[in-house]
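K.L.:
The structure is given below, and queries will be raised subsequently.
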Amino acid sequence: MSRKRRMSRPQKIALAFGAAGLVGGGLAVGVGASQASETAQAKAPTESCAGLDTALRNNLNFIAAQRADPDAQSEARIANRREVVKQIQQRRQVAGCTGTITPSAPTTTAPTTTAPTATEPPTAPTTGASGEVVCPGSTVTLSGEEGAPAASSNQFPIGTRLKVTNLDNNKSTTVTVTSPSGSCALLNNAAFEQVREPGKFLIRRAVIERVG
């Protein structure tokens, strides 16, 4: 015949206090880990909303320009910039940036009233005076990047000097390739301003020369 061992009242009280101690210790560890995580997040550096907003606006402006005056490579450029925009938006969310960023309206300049001095269409510069003509028939647009006048290219290494001439206004700029891109010559904002026509984001009649 089996016998059940019964616990005395003092043993039951001691067992209850021991279980309560284990539960309390587990709660203390959980609270301590949560507080440590919150402290680490509070100390983590955040990015500047002003810088992220500027980068986002530059990329949105570039996409708007490609849509307004597209060429054969516009879709590829737009797809690439959309990925960049997505990453910037994620970084803005982490940094707590709440403002809504939209593309800037293109600036236009009132046409001058001065009559042109010549009726003949401009001609391409001779290669002997400037350099070797490359990428014939290519159009030129802007990358939306800031900084000193520069270019990016998918055909020439960094450090190559390129001269870009807009045949519609005979303006030229000579810049250095500083990064790769998806075009023969893609000008940054400062370089494009030197040769652009008011209100236009694409040079359809361009001559690109490798110089130096």
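The values are calculated or read from the model by the stated rules, or taken from the named source; none is laboratory data. In this text the structure is predicted, and so the values were computed from the model without any measurement. Cβ: placed from backbone, ideal geometry, glycine included. Neighbour counts: every protein chain shown. Side chains are part of the model used for accessible areas, which takes the heavy atoms of the whole protein and leaves out ligands, DNA and RNA. Shrake-Rupley method; radii C 1.70, N 1.55, O 1.52, S 1.80 Å.
K.L.:
Taking segment 153-212 only, how many residues are touching a Gly at 6+ places or on another chain (Cβ under 7 Å) and either over 14 Å from residue 142 (Cα atoms) or modelled with pLDDT under 90 (or both)?
P.N.:
Matching residues across segment 153-212 total 7.
K.L.:
Right, something else. Taking interchain pairs and intrachain pairs at least six residues apart, which have beta carbon atoms under 8 angstrom, with the first residue in segment 149-167 and without any contact (Cβ under 8 Å) to a residue 24 or more places away in the chain and the second among the hydroxyl-bearing types (Ser, Thr, Tyr) and open to solvent by 50 Å² or more (accessible area, probe 1.4 Å)?
P.N.:
158/178
K.L.:
On to the next question. Output the residues belonging to segment 182-210 that are within 22 Å of the chain's Cα centre (by Cα) and of a type in the set (Gly, Ala, Ser).
P.N.:
If the condition is that a residue be within 22 Å of the chain's Cα centre (by Cα) and of a type in the set (Gly, Ala, Ser), then 182, 183, 185, 190, 191 are the ones that fit.
K.L.:
Give me the pairs, please: first residue somewhere in segment 70-98 and among the aliphatic types (A, V, I, L, M), second residue anywhere and open to solvent by 40 Å² or more (accessible area, probe 1.4 Å), beta-carbon distance under 6 Å, and either six or more positions apart or on two chains.
P.N.:
76/182; 95/46; 95/47; 95/49
K.L.:
Kindly indicate whether residue 137 is at pLDDT below 90, in a loop (DSSP other than H, G, I, E, B) and surrounded by fewer than 16 Cβ atoms within 10 Å (Cβ to Cβ).
P.N.:
Spelling it out, residue 137 is indeed at pLDDT below 90, in a loop (DSSP other than H, G, I, E, B) and surrounded by fewer than 16 Cβ atoms within 10 Å (Cβ to Cβ).
K.L.:
Could you say whether any residue in segment 91-108 is among the small types (Gly, Ala, Ser) and modelled with pLDDT of 85 or more?
P.N.:
Yes, the conditions are met somewhere in segment 91-108.
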